[in-house]
Amino acid sequence: MTTFYTQNDVKSFVQTLKLKNKTIGFVPTMGALHEGHLSLVKNAMTDNDIVFVSIFVNPTQFDNSSDLEKYPRTLDADVDLLKTVGENIYVYAPNVQDIYKKEVKAENFSYDGLEFEMEGKFRTGHFDGVGTIVKRLFEIVTPNNAYFGEKDFQQLMIIKKLVSKYHIPVNVVGSEIYREASGLAMSSRNQRLSDEARKESAFIYQTLLKAKEKFGTKSATKVKEWVQEQFEKHPLLTLEYVEIANSKNLKTVKRKSKNETYRIFIAAFIENIRLIDNIALN
Ligand code: PAF
């Protein structure tokens, strides 16, 4: 397996691939890889001739410096894990300078209002940082297809908006959330949880499932209130937000309509670690 550390090396290699008409699948990550990432890589391997995985903890998408500092960085283990999946995988693991040169700063993006919902309300500038890095990585790797997990459902929608608004010729593919046996959505942040917190965090998915049942007969407001009450009773988890939103535009549901599809989203803290999850409601 080859690991590239500079965008110039990636670009020269990609040129040789294009001359041979090879298709490129791309899985952008911040490392600390888990089964969820590997499932994206496997999907990418099925659809493309070769696969690039970027491993880069992007500073401009963190609104909290301690979260950035504590984000797990495990490049050697990540490369070893990727080796277990297949041969035709190339890693791009740049440093901050290779991506940002002298100015570590996000560009400003408009995603037609998607950026003001949920994560956008609680993580100032987060989606400008995500747009900045994903656009730059797409320009470097020039993939045919790029793969993202639905755990970050809002991010997935924002990236789809980014490619359509900025006419970036990449097909963005979303994949279902990969879960631990307990139901906890897989996340690189799970590595930081104590055993107890990891066990207790399954409560997030269990609550989402129960909320889905309730959504059959109750209003979105009532379901959200019920979720808030459940978290208030939980000794370790602190709810940041629960939202029920239209899956197409992420606007808060006021009144349910049979013709629309909805999702429920939760962000919660445990041991100061922020976890997010979501499921489809209909
Ligand atoms: O989902 C992530 O891991 C990151 O937000 C991404 C897409 C790799 C950009 O840094």
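The values are calculated or read from the model by the stated rules, or taken from the named source; none is laboratory data. In this text, all values refer to a predicted model and were calculated from it rather than measured experimentally. Ideal geometry is used to build each Cβ from the backbone, glycine not excepted, and the neighbour counts take in all protein chains shown. SASA here: full protein model, heavy atoms, side chains in, ligands and nucleic acids out. Shrake-Rupley method; radii C 1.70, N 1.55, O 1.52, S 1.80 Å.
Classify the stretch 140-254 as rounded, prolate or oblate from the Cα gyration tensor: take a ≥ b ≥ c as the square roots of its eigenvalues, call it rounded if a/c is under 1.5, otherwise prolate when a/b beats b/c and oblate if not.
Judged from the Cα gyration tensor, the stretch 140-254 comes out oblate (a/c at least 1.5, b/c at or above a/b).
Hey, with R₀ at 41 Å, roughly what FRET efficiency would T84 and K11 work out to, going by the Cβ-Cβ distance, to 0.05?
0.90
Could you size up the charge dipole of the stretch 60-99 around its Cα centre, putting +1 on the beta carbon of Lys and Arg and -1 on that of Asp and Glu, and report it in debye to the nearest 20?
40
Rounded, prolate or oblate: which fits the stretch 1-73, taking a ≥ b ≥ c as square roots of the Cα gyration tensor eigenvalues, rounded meaning a/c under 1.5, else prolate when a/b beats b/c?
The shape class here is oblate.
What number comes out for accessible area per residue over the stretch 174-282 if the probe is 1.4 Å? Units Å², please.
Accessible area per residue, the stretch 174-282: 53 Å².
May I ask you to evaluate 6.51 cos²θ - 1.76 cosθ + 1.60, the Karplus curve with θ = phi - 60°, for each residue of the stretch 101-110 and list the ³J(HN,Hα) values in order in whole Hz, giving x for glycine and proline?
After applying 6.51 cos²θ - 1.76 cosθ + 1.60, I find 6, 8, 10, 7, 8, 7, 7, 9, 10, 10 Hz.
Holding the Cα-Cα limit at 27 Å, pick out from K165/K212; K210/K248; K83/K165 the pairs that are longer than that.
As for pairs spanning more than 27 Å Cα to Cα, those are K165/K212; K83/K165.
Using the Cα centre of the stretch 45-195 as the reference point, and only Cβ charges (+1 on K/R, -1 on D/E), how large is the resulting charge dipole? Debye, rounded to the nearest 20.
Its charge dipole is roughly 320 debye.
With a cut-off of 8 Å between alpha carbons and a minimum separation of six or more residues, what is the relative contact order of the chain in percent?
Dividing the mean separation by the residue count of the chain yields 17 percent.
Relative contact order for the stretch 226-269: what is it in percent, counting Cα pairs under 8 Å that are at least 6 residues apart?
For the stretch 226-269, the relative contact order is 41 percent.
Compute the Cα gyration tensor for the stretch 82-129, then decide on rounded, prolate or oblate, letting a ≥ b ≥ c be the square roots of its eigenvalues: rounded whenever a/c is under 1.5, prolate when a/b is larger than b/c in the other cases, and oblate in all that remain.
oblate
Where nothing but the Cβ of Lys and Arg (+1) and of Asp and Glu (-1) is charged, how large is the charge dipole of the chain around its Cα centre, in debye to the nearest 20?
The dipole of the chain has a size of about 940 debye.
When the accessible area of the chain is computed with all protein chains present and a 1.4 Å probe, what percentage of it is carbon and sulfur?
On the way: 6570 of 13770 Å².
Carbon and sulfur: 48 percent of the exposed surface of the chain.
Treat each spin label as a single point 7 Å out from the Cα along the C-beta direction, and report the L19 to N108 distance in nm.
4.3
Per residue of the stretch 231-245, what does 6.51 cos²θ - 1.76 cosθ + 1.60 with θ = phi - 60° give for ³J(HN,Hα)? Whole Hz please, x for Gly and Pro, Karplus curve as stated.
With the stated coefficients, the stretch 231-245 comes to 5, 4, 7, 7, x, 10, 9, 10, 6, 8, 8, 10, 9, 10, 9 Hz.
Of G125, S175, M157, which is farthest on the positive side of the dipole of the stretch 82-183, counting Cα position, with +1 on Lys and Arg Cβ, -1 on Asp and Glu Cβ, and the Cα centre as origin?
Checking the options against the dipole of the stretch 82-183, the answer is G125.
Search the structure for amide H atoms under 5 Å from the amide H of N171, placed 1.01 Å from N in the peptide plane, and list their residues when 5 or more places away or on another chain.
Placed amide hydrogens put N145, A146 under 5 Å from N171.
Enter the accessible area per residue of the stretch 11-61 (Å², integer; probe 1.4 Å; all protein chains in place).
Numbers: 1980 Å² over 51 residues.
On a per-residue basis, the stretch 11-61 sits at 39 Å².
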